[in-house]
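**Student:** Quick one: the structure is below, and I'll ask about it shortly.
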Amino acid sequence: MLLLRCIVFLLLPVVIISCKASKSTETDSRPNIVLIIADDVSWNDIGPYGNPSIRTPNLDKLAADGMLFTEAFLSTSSCSPSRTSIISGLYPHNTDAEQLSWPLPEDKKTFVQELKNSGYWTGLAGKFHMGDAVLNDFDVVHEMQWMDAPIGLDRRLVGDGSGCDEWIKLLNERPKDKPFFTWLASFDAHRPYYPGTIDKPYLPEEVRIPPYIPETDSVKKDFALYYEEITRMDEYIGKVVAELEAQGVSENTMIVFISDNGRAFPRDKTTLYDGGIKTPWIVKWPLKVKKGSINTQLISSVDIAPTFMKVAGLEPLKEFDGLNFLPLLTDVKKQLRTEIYAEDHFHDFEDYTRAVRTKDFKYIKNYYPDLPNTPSADIVRDLSWQSMKSEKSKGTLNNVQLWCFLSPRPEEELYNIALDPNELNNLATDTEYMETLQDMRTRLETIREKTADFIPEERTPDDFYRETGLPTKYRIRPRPSKLEYMKAREQGITLQNDDMD
Ligand SMILES: [Ca+2]
Ligand SMILES: [Ca+2]
């Protein structure tokens, strides 16, 4: 009996400790995080940034209930490199996934993995496009299986083609006793576009076309179809907000809405102009963020990983290239950075470009100036570019509309954003701007040095023909990793698709 009592006594503290531990898990009240990533949507093609024609009532509401960032940028204007940069908190050149469809290697850490390890439930629904090693970072993945589909296959074969149709399902699968993180990624508004996306289609005359694209009938039609995908995605965003409210977790859930790169039109996606790298960026978090606030500070997509770790009460990883933007949510005057840095790598076609953007100026350095700034292959195959090619042959395009055909390109470009928001007037050779040019060069070189940016030893052959947008023999899907390309190169082999010979 005495022995039994002793055992009970000895066990007692252990029992109490274990009770405490399990209780603290049940009451883990850290904030939930919902990241919503649009595909190929420029900042000024949604309502909150002043587009008068687009119908995005749910994004309008999200901005009215949260904070709108007006100077937000992506580290690159290319799908998978942008996503792997966001999830790893690294500039693309540090991810080893800097070219389109290179998978993020296993040895790269992600904020999602850190959140999961610390007790968050993590889920992804919609577009994935980051490589198999990242799959393990999520408890649940509902991937829209589309990335390696044959060119020309109808995207509407997968759900409604939006990539959003399993977002709510995912939110309903979360356990109720843990904080959660979800990565909700649309396929809207990625090409190809289809008619019939929404009940009330846009009229071609409703769209707003930037001056570097000619206002032909085909271009207007193309833009209308693009708008329709944005409106469809907006409806799903409304459903997410409503679902979080219905689950009673809205107050302490941080919703962040961004895009992965700019609109899939010439001189936008896969360029470092604002049409490529400037992103919508809305944060709704009722417990922390004042309704209807506007933040004009510069912010970069590499800042997302360290910030989300801070939100989860974790210390950001030392390898991150980004900065914690949490202080900006409660103080709109607080400055996070004096410039943002962006990169353009191989995306269907070879390219190597870098940019620095301050609030007032953009500096672009084209390291392969002999190559034209050809838009991505999906753009090349589609309405607007085909229309521009036909206008070019008629001689009706002006100089800025001819920009993507230009070869060689200037090695340096400098734009006064305040005076020239569309970046049409290159000031790099203007003697009045020599001081600014020198300052921007120094900023770019400083970041390159600090973050160990580098020029590849060899160029990558194009995956498509620049004229037609049809695949060359170098296009392999799934695309081998950077390591596999490097190993092949060491053996003197250029990887290619044997079926194409
Ligand atoms: Ca994209
Ligand atoms: Ca480019």
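Just so you know, all these numbers are worked out from the coordinates, no wet-lab data involved. Computed from a predicted structure; not experimentally measured. Backbone-built Cβ (ideal geometry, glycine too); neighbour counts: all protein chains shown.
**Student:** For the stretch 318-340, what are the residues that are within 14 Å of Leu298 (Cβ to Cβ) and either touching a Pro at 6+ places or on another chain (Cβ under 7 Å) or within 16 Å of ligand 2 (Cβ to nearest atom) (or both)?
**Tutor:** Answer for the stretch 318-340, where residues must be within 14 Å of Leu298 (Cβ to Cβ) and either touching a Pro at 6+ places or on another chain (Cβ under 7 Å) or within 16 Å of ligand 2 (Cβ to nearest atom) (or both): Gly322, Leu323, Lys334.
**Student:** Output yes when any residue across the stretch 362-377 is within 16 Å of ligand 1 (Cβ to nearest atom), assigned to a helix (DSSP H, G or I) and in contact with a Pro (Cβ under 9 Å, 6 or more places away or on another chain), and no when none is.
**Tutor:** yes
**Student:** Which of the following residues is closer than 30 Å to Asp439 by Cβ and buried (at least 16 other Cβ atoms within 10 Å of the Cβ): Asn399, Asn373?
**Tutor:** Among Asn399, Asn373, only Asn373 is closer than 30 Å to Asp439 by Cβ and buried (at least 16 other Cβ atoms within 10 Å of the Cβ).
**Student:** State whether the residues of the stretch 487-494 include one that is aliphatic (A, V, I, L, M) and at positive phi.
**Tutor:** No, that holds for no residue.
**Student:** Return yes when Leu424 is hydrophobic (A, V, I, L, M, F, W, C) and part of a loop (DSSP other than H, G, I, E, B) and no when it is not.
**Tutor:** So Leu424 fits the description; yes.
**Student:** Just one of the numbered conditions (1) surrounded by 15 or more Cβ atoms within 10 Å (Cβ to Cβ); (2) aromatic (Phe, Trp, Tyr); (3) within 13 Å of ligand 2 (Cβ to nearest atom) is not true of Tyr367; which one?
**Tutor:** (1)
**Student:** Which ones in the stretch 82-126 are buried (at least 23 other Cβ atoms within 10 Å of the Cβ), small (Gly, Ala, Ser) and assigned to a loop (DSSP other than H, G, I, E, B)?
**Tutor:** Result: Gly89, Ala97, Ser101.
**Student:** Checking Asp348 against (1) over 18 Å from His93 (Cβ atoms); (2) away from ligand 1 (no atom under 16 Å from the Cβ), only one condition comes out false. Which one?
**Tutor:** Asp348 satisfies all of (1) over 18 Å from His93 (Cβ atoms); (2) away from ligand 1 (no atom under 16 Å from the Cβ) except (2).
**Student:** May I pose another question? Across the stretch 270-285, which residue is nearest to ligand 2 (Cβ to nearest atom) among those that are within 21 Å of Val400 (Cα to Cα) and not in a loop (DSSP other than H, G, I, E, B)?
**Tutor:** Start the filter on the stretch 270-285 by keeping residues that are within 21 Å of Val400 (Cα to Cα), which leaves 270-278.
If we keep only those that are not in a loop (DSSP other than H, G, I, E, B) as well, we get 274-278.
Details: Asp274: 14, Gly275: 12, Gly276: 8, Ile277: 11, Lys278: 15 Å.
Ranking the candidates gives Gly276 first.
Residues are listed down the side, and each one gets a yes or a no for (1) surrounded by fewer than 24 Cβ atoms within 10 Å (Cβ to Cβ); (2) within 16 Å of ligand 1 (Cβ to nearest atom); (3) part of a loop (DSSP other than H, G, I, E, B):
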{"position": "Val256", "(1), (2), (3)": "yes, no, no"}
{"position": "Asp268", "(1), (2), (3)": "no, yes, yes"}
{"position": "Leu287", "(1), (2), (3)": "yes, no, yes"}
{"position": "Gln297", "(1), (2), (3)": "yes, no, no"}
{"position": "Asp303", "(1), (2), (3)": "no, no, no"}
{"position": "Leu314", "(1), (2), (3)": "yes, no, yes"}
{"position": "Leu317", "(1), (2), (3)": "yes, no, yes"}
{"position": "Arg354", "(1), (2), (3)": "yes, no, no"}
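**Student:** Working only within the stretch 327-376, note down all residues that are out of contact with any Lys or Arg (no Cβ under 9 Å at 6 or more places or on another chain), of a type in the set (Asp, Glu) and without any contact (Cβ under 8 Å) to a residue 60 or more places away in the chain.
**Tutor:** Asp331, Asp360
**Student:** Further, regarding this structure: Give me the residue from the stretch 36-77 that is within 20 Å of Lys359 (Cβ to Cβ) and among the polar types (S, T, N, Q) and, out of that set, surrounded by the most Cβ atoms within 10 Å (Cβ to Cβ).
**Tutor:** The qualifying residue surrounded by the most Cβ atoms within 10 Å (Cβ to Cβ) is Ser77.
**Student:** Which count do you get for residues in the stretch 352-371 that are farther than 29 Å from Phe69 by Cα and among the acidic types (Asp, Glu)?
**Tutor:** In the first step, residues of the stretch 352-371 are kept if they are farther than 29 Å from Phe69 by Cα; the result is 367-371.
Remaining after also requiring among the acidic types (Asp, Glu): 370.
Final tally of qualifying residues: 1.
**Student:** Would you call Leu419 without any contact (Cβ under 8 Å) to a residue 60 or more places away in the chain, surrounded by 14 or more Cβ atoms within 10 Å (Cβ to Cβ) and part of a loop (DSSP other than H, G, I, E, B)?
**Tutor:** No: the conditions fail for Leu419.
**Student:** In addition: For Pro192, work out the one condition from (1) more than 16 Å from ligand 1 (Cβ to nearest atom); (2) surrounded by fewer than 23 Cβ atoms within 10 Å (Cβ to Cβ); (3) assigned to a loop (DSSP other than H, G, I, E, B) it doesn't fulfil.
**Tutor:** Unmet for Pro192, out of (1) more than 16 Å from ligand 1 (Cβ to nearest atom); (2) surrounded by fewer than 23 Cβ atoms within 10 Å (Cβ to Cβ); (3) assigned to a loop (DSSP other than H, G, I, E, B): (1).
**Student:** Can you name every residue in the stretch 442-496 that is exposed (fewer than 14 other Cβ atoms within 10 Å of the Cβ), of a type in the set (Asp, Glu) and under 23 Å from Tyr367 (Cα atoms)?
**Tutor:** Glu449, Glu457, Glu458, Glu467
**Student:** Restricting attention to the stretch 201-216, and to residues there that are farther than 16 Å from Ala264 by Cα and touching a residue at least 40 places away in the same chain (Cβ under 8 Å), which single residue is surrounded by the fewest Cβ atoms within 10 Å (Cβ to Cβ)?
**Tutor:** Glu206
**Student:** Go through the residues of the stretch 218-233 one by one and say whether even a single one is touching a Cys at 6+ places or on another chain (Cβ under 8 Å), away from ligand 2 (no atom under 16 Å from the Cβ) and either assigned to a loop (DSSP other than H, G, I, E, B) or under 19 Å from Ser162 (Cβ atoms) (or both). Show your work before the answer.
**Tutor:** If we filter the stretch 218-233 for residues that are touching a Cys at 6+ places or on another chain (Cβ under 8 Å), which is where we start, we get 232-233.
In the following step, the residues that additionally are away from ligand 2 (no atom under 16 Å from the Cβ) were identified as 232-233.
Now restrict to residues that are either assigned to a loop (DSSP other than H, G, I, E, B) or under 19 Å from Ser162 (Cβ atoms) (or both): 232-233.
Within the stretch 218-233, one or more residues are touching a Cys at 6+ places or on another chain (Cβ under 8 Å), away from ligand 2 (no atom under 16 Å from the Cβ) and either assigned to a loop (DSSP other than H, G, I, E, B) or under 19 Å from Ser162 (Cβ atoms) (or both).
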